[in-house]
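A short write-up of the structure that comes next.
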Amino acid sequence: MFQPPTGHQVIFDLGNVLIRWDPRNLYRKIFGEDVQGMEWFLANVCNPAWNDRLDAGQSFAAAVAERIAEFPDHAELIRAYHERWFETLGEPINANVEVLADLKRLGYRVHALTNWSAETFYPAKKLFPFLTWFDGVVVSGEEGLVKPDSRIYKRLLERYQIDAASAVFIDDVTRNVEAARQLGITTVQFVDGVDLRQELRQLGMPIPA
């Protein structure tokens, strides 16, 4: 069996790399045909900056209470973000999960570096068993840091003794990829239309075509 070079390791983002995630998965059910109303709500109330605070470790209870105080007319919609959070998750991205499995079979060490609330990450492992396959995981909600802060990348590298020069990092967000690259990590940006398997093969990884 192929033995990868010592220290050669692959670091995966999770949301929209291995699992589809979009709050619209939930709020389409609530807003129905009112797309404009949904988009306003997700841009102004439960918006990305607010979600980033959850990813950075703020509790759902505190975040929801703060938002309801600011937008009391939207209280039920805000509560749904917490009470029905798992409906924001979509399907696994099966082609990439298969890549993860192939890397494990080949002997690569695989890790996850994710912007994800600790409150919801660990229950999600019951829904997606492949989240247990990693040799190491750093969850932003436990660290109080979110990508693209360089400190969370360094924490992963130090905790699991990863040499940046022999690691590959996969993420869907441009700023996260750029932050990893600044630390000397080889990167792959996964977006719709990208063949992750082919991208890794082009880097010399002998995973099956």
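Structural remarks
- For V137, the amide hydrogen comes within under 5 Å of the amide hydrogens of A112, counting only partners 5 or more places away or on other chains and with H modelled in the peptide plane.
- Net charge, K147 excluded, C-beta distance under 12 Å - Lys, Arg +1, Asp, Glu -1: -4
- Listed residue (F86, V35, N51) projecting farthest to the positive dipole end of region 24-88, Cβ model: F86
- Dipole moment magnitude, nearest 20 debye, region 100-147 about Cα centre, only Lys, Arg, Asp, Glu C-beta charged: 220
- Karplus-derived HN-Hα couplings along region 10-19 (A = 6.51, B = -1.76, C = 1.60, θ = phi - 60°), whole Hz, x at Gly and Pro: 10, 10, 9, 6, 10, x, 6, 10, 10, 9
- Computed lengthening from E87 to D102, 0.36 nm per intervening residue step minus Cα-Cα distance: 2.5 nm
- A69 paired with R151, simple spin-label distance in nm, labels 7 Å along Cα-to-beta-carbon: 2.5
- Cα-projected label distance for V194 with E119, points at 7 Å along beta-carbon direction, nm: 3.0
Computed from the coordinates by the stated procedures, all read-outs in this text should not be read as laboratory data. These numbers were taken from a predicted model, which means no experiment stands behind them. As a convention, Cβ positions derive from the backbone with ideal geometry for all residues, glycine included, and neighbour counts pool all protein chains shown.
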